[in-house]
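Some notes on the structure that comes next.
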Amino acid sequence: MTSRPTFTTVLLVRHGTTATTGSVLPGRTPGLHLSERGQAQASELAERLKEMPRKPTALFVSPLERAKETAIPIAKVLRLRPLVERGLLECDFGTWTGKKLSTLSRRVEWRAVQNAPSTFRFPEGESFSEMQLRIWATLERLAKRHRNRTIIVVSHADPIKAAVTYALGVPLDLFQRTVISPCSLSAITFTDTTPIVLCVNNVGSLKELSPS
């Protein structure tokens, strides 16, 4: 007897804005919280998620405070319990953690970060390739655990970009061409054969979000 195909949709949410968004590479620095704007973004996203035709049944979140705080209104609106998942962590930027982007962009290595990330490892930190494999393995594991369901994961810009890039079959060296805005939603449906990207960087209505 042929088994029925499975379709698990994973909603990837980037955390909301913080006081350092766009100016500093915060990485895994503890104690970084959402700004007032970020809190408002998270609340707005939670309301948008109520529009979905297929209600999420599980909520996973990166261990960092800004991700946990983004998950709070989502958990309240959808009546879900946030579960911490280390595989959703931000990239480990090593000694670059906490540095200003304006300073980092003047380094010779910045060209590799932007144009050849597959070749780059952050000093005393993680490589982009390792980050991509980590986030994808985490999403696959969660998708298998929640077959034929819709789940939410709250993570960070670079891991989400890396996951979307992988799902699309786009080389990692082109992943910087994708924008993942604060509290945006990207969606990937995991099937028995190939992943399907439903949307990227969505900041509007979610009423029509479903596989065709």
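Structure summary
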| read-out | value |
| --- | --- |
| Residue ID - farthest from the chain's Cα centre (by Cα), chosen from residues in segment 84-119 that are over 28 Å from L142 (Cα atoms) and among the aromatic types (F, W, Y) | W110 |
| Index of the failed condition, R48 passing every other in (1) assigned to a helix (DSSP H, G or I); (2) modelled with pLDDT under 95; (3) touching a Gly at 6+ places or on another chain (Cβ under 7 Å) | (3) |
| Residues of segment 19-37 that turn out to be part of a helix (DSSP H, G or I) and buried (at least 21 other Cβ atoms within 10 Å of the Cβ), as a count | 0 |
| Residue tally, condition buried (at least 21 other Cβ atoms within 10 Å of the Cβ) and of a type in the set (F, W, Y), over segment 124-174 | 1 |
| Segment 1-18, subset in contact with a Ser or Thr (Cβ under 9 Å, 6 or more places away or on another chain), part of a loop (DSSP other than H, G, I, E, B) and modelled with pLDDT under 95, residue farthest from T95 (Cα to Cα) | P5 |
| Checking G87 against (1) in contact with a helix residue (DSSP H, G or I) (Cβ under 6 Å, 6 or more places away or on another chain); (2) in a loop (DSSP other than H, G, I, E, B), the condition it does not meet | (2) |
| Meets criteria (of a type outside the set (K, R), modelled with pLDDT under 95 and not in a strand (DSSP E or B)) for E69 | no |
| From the options V77, V108, residue that is in a loop (DSSP other than H, G, I, E, B) and either among the aromatic types (F, W, Y) or on the phi < 0 side of the Ramachandran plot (or both) | V108 |
| Segment 106-125 residues that are among the polar types (S, T, N, Q), paired with ones that are part of a loop (DSSP other than H, G, I, E, B) (beta carbon under 9 Å, 6 or more apart) | Q114/S105; S118/P171 |
| R147 vs. criteria part of a loop (DSSP other than H, G, I, E, B), touching a residue at least 12 places away in the same chain (Cβ under 8 Å) and basic (K, R) | yes |
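The values are calculated or read from the model by the stated rules, or taken from the named source; none is laboratory data. What you see is a predicted model; the values in this text were computed from it and never measured. Note: ideal-geometry Cβ built from the backbone for every residue, glycine included; neighbour counts use all protein chains shown.
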